Each structure stands twice: as C-alpha cells, then as structure tokens.
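Written out below as structure tokens is the structure these notes cover.
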Amino acid sequence: MQAKNIKQLLRQYLLGKAPEKESGVIDQWYDSFNEDLHLTKEQEEQLRQEMWQHIHPQIKVAKTFYLQAAKAAAVALLLAGAGLTYFLVRERPAIFTEIITRSGEKKTVTLPDGTILSINAGSTIRITAERTLSILDGEVFFDVKGDPRKAFIVESGPLTTTVLGTSFNITAYKALHNLSVGVVSGKVSVKGYGILAKNQALVYDKQTGTGKIDSLDQHSLEWQQGKLLLNDVSFDEMVVMMQKNFGITITANQEEVKATRYTTELSTVMEPVKAAEVLAAIHQLKIKATTNQILIYK
C-alpha cells in the first residue's frame with residue numbers, strides 16, 4: 001500500500017470514519033503485538049502523555065473527544081520511522097476531560113502531579129493537558145504541587161494564570177459580573193496584570209474589560225467551609241448563586257425587588273426554602289414557594 005493511502009486510512013481511523021473492514025485490519029495489527037511491544041523510555045513518556053486520562057478516580061468524565069487513544073498513540077510511535085508521526089499528531093482529534101459539579105455539590109480532585117482542586121457547586125472545568133486546564137463556569141481553589149520544570153496554567157475567560165507552585169482561588173461563574181483571582185500563598189502571574197503576591201486579588205470587570213488589584217477578601221474563601229457569601233450582588237447574580245448552591249429558582253415580578261442589591265451569608269447545608277426565607281427577611285422581603293420556584297416580593 002502506498003504511503004499516501006496509509007496516511008488517508010490512518011486519518012480516517014483516528015477520526016472514527018474508517019470503513020469497518022479497514023478498522024478491523026488495524027485493530028488486528030495492533031492486537032497482534034500483545035505484550036511484546038517494547039518501547040524506549042522516551043517512547044514510554046510520549047505514550048504516557050498521549051494517554052493522559054488516568055487521573056484521580058473521583059473525576060467524572062463528562063465529555064471526552066478522542067478515539068482509541070492507546071492504539072492511536074502506538075500507531076504514531078511505531079510509524080515514526082516511516083515519517084508519519086507529524087501527520088498523526090497534527091491530525092489527531094483534541095483530547096480533554098471535563099469535571100462537572102451539580103447544584104449544591106462540591107468536589108475535591110487530586111491530579112496526577114499531586115495538585116489538589118477544590119471545586120465549588122455548579123462548576124465545569126476542562127483539563128486539556130498535564131498541568132493545564134480551563135474554568136468554563138464556576139469556582140475552584142487550587143493547591144498546586146510545585147514543579148520548576150513545568151508551570152501550571154489556568155484559563156478563566158479572558159484571564160490566564162500561570163504558577164509554579166502555590167495556592168489560590170479563581171471565581172469565574174459565567175453569569176456573574178466579575179471574575180477574580182485571589183492568592184493565598186506564594187505568587188501567581190496573570191497575563192496582562194503581572195505578579196500577584198500572597199493576600200492580593202485581581203478583580204476583573206467583564207463588562208468594561210478592566211481589572212483592579214486589591215487586597216484579598218478572606219471571606220471570599222469561606223465557600224470551602226460550606227458558606228455562600230453574597231456581597232452587594234444584583235438580583236440576577238443572586239438568582240444564579242442561589243440556584244448553584246441550593247438548586248432553587250427564584251423569581252420576582254416587582255421592579256423594586258429586581259433593583260435590590262443583595263448582601264448576606266448563608267450556610268449551604270440549609271434547606272433551600274429556609275435559605276430563601278433568610279435571604280428575603282434580611283432584605284425585608286417575603287417569599288411564596290411553589291413546586292418549581294420561589295417568588296420574592298415586597
């Protein structure tokens with residue numbers, strides 16, 4: 001078979017589009033190696049990188065966009081001598097793992113390098129490579145294992161945070177007005193804003209596209225102790241955080257209620273309706289609970 005045809009067949013295989021007969025041939029070829037496939041240390045390391053999905057058992061894989069990664073990696077390595085490795089790597093589908101927490105659910109995950117992630121309720125994060133991830137929605141506290149050879153990188157919307165080993169908190173809920181990066185120990189680098197030291201925080205306004213460095217509000221970390229802190233948030237932001245933490249939908253039909261700014265602290269172990277009652281009482285409001293939602297009114 002000509003090299004051009006081999007490339008085309010392997011490309012279709014990696015994308016899951018190869019005809020059944022041809023896929024079977026490749027499968028049989030791969031399986032024929034059994035345990036006699038001997039790799040150099042360099043090849044083993046490359047294969048380990050290709051198969052970087054074996055992280056802490058607590059991780060729930062919500063979406064994985066890859067096809068038969070082990071076979072694809074072996075194909076790439078074994079065909080290196082034929083000059084096809086670049087083709088395979090360049091054409092390989094993207095690989096990532098998503099971790100999702102539901103409303104009211106928090107999760108702690110340990111990555112292979114020893115880094116610990118504490119993930120707040122209603123969050124979605126995407127791990128794209130070793131020591132590289134993005135927060136699509138939500139909040140995460142990072143305790144990053146130091147590695148001077150490889151930085152740990154977190155993308156949260158327009159912000160990119162790079163560290164070698166430290167602990168910090170990132171709030172990046174899609175529906176909230178602000179993003180924030182708060183440093184608890186060590187230092188972090190935020191692209192476009194320089195270095196943040198211990199007890200400093202960057203607050204980024206998504207509407208204006210501007211950020212400001214200030215002192216870290218220690219109360220903002222109390223979500224790890226089971227507390228929801230609302231600090232002068234809008235009605236819409238309050239609704240989002242109540243839904244994320246208590247799984248309840250809050251509505252209002254009075255403009256005065258919708259214009260109110262909300263500030264309170266709630267225990268996330270409270271019954272949802274009770275939490276809504278406390279929130280309303282603090283702001284001199286009332287509630288009416290139905291099966292699907294809670295109405296707040298004056």
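The values are calculated or read from the model by the stated rules, or taken from the named source; none is laboratory data. None of these values were measured; they are calculated from a predicted model. Please note: Cβ atoms are built from the backbone with ideal geometry, for glycine as well, and neighbour counts cover all protein chains shown.
What about Asp137, is it at pLDDT 95 or above, under 22 Å from Met241 (Cα atoms), loosely packed, with under 15 Cβ neighbours inside 10 Å and not assigned by TED's automatic domain parsing to the domain that holds Phe246?
Values: at pLDDT 95 or above: yes; under 22 Å from Met241 (Cα atoms): yes; loosely packed, with under 15 Cβ neighbours inside 10 Å: no; not assigned by TED's automatic domain parsing to the domain that holds Phe246: yes.
Criteria not met by Asp137.
I'd like the residue in the range 103-130 that is in a loop (DSSP other than H, G, I, E, B), at pLDDT 95 or above and charged (D, E, K, R) and, out of all such residues, is farthest from Phe152 (Cα to Cα).
Glu105
Within the set of pairs 6+ apart or on separate chains, which have a first residue in the range 124-145 that is closer than 21 Å to Arg102 by Cβ, a second that is in a loop (DSSP other than H, G, I, E, B) and basic (Lys, Arg), and C-beta atoms under 7 Å apart?
Asp137/Lys174
Any idea which residue in the range 146-159 is surrounded by the most Cβ atoms within 10 Å (Cβ to Cβ), counting only those that are among the small types (Gly, Ala, Ser) and without any contact (Cβ under 8 Å) to a residue 24 or more places away in the chain? Break it down into steps so the answer makes sense when it comes.
Going through the range 146-159, the residues among the small types (Gly, Ala, Ser) turn out to be 146, 151, 156-157.
Then keep just the ones that are without any contact (Cβ under 8 Å) to a residue 24 or more places away in the chain; that gives 146, 151.
Numbers: Gly146: 13, Ala151: 15.
Among those residues, the one meeting the criterion is Ala151.
For every residue, the table says whether it meets (1) free of Cβ contacts under 8 Å to residues at least 40 places away in the same chain; (2) among the small types (Gly, Ala, Ser); (3) crowded, with 16+ Cβ neighbours inside 10 Å.
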site	(1), (2), (3)
Thr161	yes, no, yes
Ala175	no, yes, no
Gly186	yes, yes, yes
Val240	no, no, yes
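Name, by its number, the condition in (1) on the phi > 0 side of the Ramachandran plot; (2) surrounded by fewer than 13 Cβ atoms within 10 Å (Cβ to Cβ); (3) outside the structural domain of Ala276 (by TED's automatic domain parsing) that does not hold for Asp232.
(3)
β-branched (Val, Ile, Thr), surrounded by fewer than 16 Cβ atoms within 10 Å (Cβ to Cβ) and in contact (Cβ under 8 Å) with a residue 24 or more places away in the chain: does that describe Thr260? First the steps, then the outcome.
Details: β-branched (Val, Ile, Thr): yes; surrounded by fewer than 16 Cβ atoms within 10 Å (Cβ to Cβ): no; in contact (Cβ under 8 Å) with a residue 24 or more places away in the chain: yes.
Judged against the criteria, Thr260 is not a match.
Taking the options Leu279, Leu295, Leu230, name whichever one is more than 23 Å from the chain's Cα centre (by Cα), under 26 Å from Lys106 (Cβ atoms) and of a type outside the set (S, T, N, Q).
Values: Leu295 fails: under 26 Å from Lys106 (Cβ atoms); Leu230 fails: more than 23 Å from the chain's Cα centre (by Cα).
The match here is Leu279.
Taking only the range 187-216 into account, find how many residues are farther than 21 Å from Ser134 by Cα and either in a strand (DSSP E or B) or touching a strand residue (DSSP E or B) at 6+ places or on another chain (Cβ under 7 Å) (or both). First the steps, then the outcome.
In the first step, residues of the range 187-216 are kept if they are farther than 21 Å from Ser134 by Cα; the result is 197-200, 208, 212-216.
Adding the requirement that they be either in a strand (DSSP E or B) or touching a strand residue (DSSP E or B) at 6+ places or on another chain (Cβ under 7 Å) (or both) leaves 197-200, 212-216.
The number of residues fulfilling the criteria is 9.
Check Leu230 against each of (1) part of a helix (DSSP H, G or I); (2) under 26 Å from Ile100 (Cβ atoms) and name the one condition it does not meet.
Every condition holds for Leu230 apart from (1).
Please give the number of the condition Gln284 fails out of (1) on the phi > 0 side of the Ramachandran plot; (2) not in a loop (DSSP other than H, G, I, E, B).
(2)
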